[in-house]
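Before any comments, here is the structure.
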Amino acid sequence: MGTVRVVTDSACDLTAGQADEHGIVVVPLTIRFGSEELVDRDQLSTKEFWDRVMTGNTMPATAAPSPGAFRQAFEDAADGGADGVLCINLSSELSATYQSAVAAADSVAERIPVSVLDSRTVTLGQGLLVLAAAELAAAGHPLSEITAQLDELQRRTHVFGVVASLDFLRKGGRIGGAAHLVGSLLSIKPVIEVRGGVVAVESKQRTRARSLQYLAGKALGAGRLERLAVANGAAQDIDEVLQLLAGATPVHELIVSDLGPVVGSHTGPGTVGVCFQLAP
């Protein structure tokens, strides 16, 4: 009996250990510092990325993988005996990564069926979807069933975050300049949300402490949680966030991971993300 191979991109912020444990293939994006291009996870670790951001003066940028990179992953899955591939990508509103995966899927259609899912989210929101897909694949579910379940699970997946500044999001074109201006003038500490595949300001708090409390409250007050994850983007107060979430009781074990270079390039240091899936 064949299996379904799960492929994603490095915006998912799953660790190499988590990906290996679940048989997940991660196709990396590229991180740019000026004219220097580095392949995420291969030529640039998360620690190296944050060290460069914290000590340098060049704002990083990101570039989507080529269709060829996804095609290689899909062909490797076919060579390994898989009878289908589910590829889950970061929001198509934030990157051309999804379009690259679709092009690659079309190019291998005669060899192996590939279903490409626009997660409409990013970081560990995407990562939680990927983990759920990998568990369904390991349980022997067919590609069509996994895809249908992920479509439904996507609607129960939420990503909120606190950033130290909206400068990275504004300069990267991921949020409107008007929101940045209001935050600067009033010294507001915003809580952001990935909503409909794009980044939006969800709440404006007066202090960092209040913004973190509000952030934790989004998960604690959401209802019964299937999965919960926290992404740490070089935030010195990450332990405070984990303490605020201590009362959460998700069905699956809490995941805490570093915010990787793909999302970190657009949010900057001091970012905390809280990602969760509501139970059905």
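Readers should treat all values here as calculations from the given coordinates under stated rules, not as data from a laboratory. Nothing here was measured: the structure is a model prediction, and the numbers come from that model. Note that we place each Cβ from the backbone using ideal geometry, even for glycine, and neighbour counts take in every protein chain shown.
How would Met54, Met59 line up from fewest to most surrounding beta-carbon atoms within 10 angstrom?
Exposure proxy ranking, most exposed first: Met54, Met59.
For the options Ala222, Ala235, Ala96, a Gaussian network treatment of the chain with springs between C-alpha atoms closer than 10 Å singles out Ala222 as fluctuating the most.
The GNM of the chain, with springs linking C-alpha atoms under 10 angstrom apart, assigns the highest mean-square fluctuation among Gly56, Gly196, Gly161 to Gly56.
In the distance distribution for the chain, Cα-Cα pairs more than 32 Å apart total 21 percent. Centre-to-centre, using Cα atoms only, segment 225-260 and segment 14-79 are separated by 23 Å.
Sequence-distant contacts, meaning Cα pairs under 8 Å at least 6 residues apart, place the relative contact order of segment 157-278 at 36 percent.
With helices defined as uninterrupted DSSP H runs, which ones in the chain have an alpha carbon span along their own long axis of at least 15 Å and mean Kyte-Doolittle hydropathy of at least -1.0?
Those that clear 15 Å and a mean of -1.0 are 67-79, 97-107, 123-138, 143-154, 208-220.
A quarter of the convex hull surface defined by the alpha-carbon atoms of segment 157-278 gives 6.8 nm² as the mean projection. Across Thr267, Thr30, Thr55, mean-square fluctuation computed from a Gaussian network of the chain (C-alpha pairs under 10 Å connected) peaks at Thr55.
Placing unit charges on each Cβ (+1 for Lys and Arg, -1 for Asp and Glu) gives the chain a dipole about its Cα centre, and among Thr97, Pro28, Gly233 the Cα reaching farthest toward its positive end belongs to Gly233.
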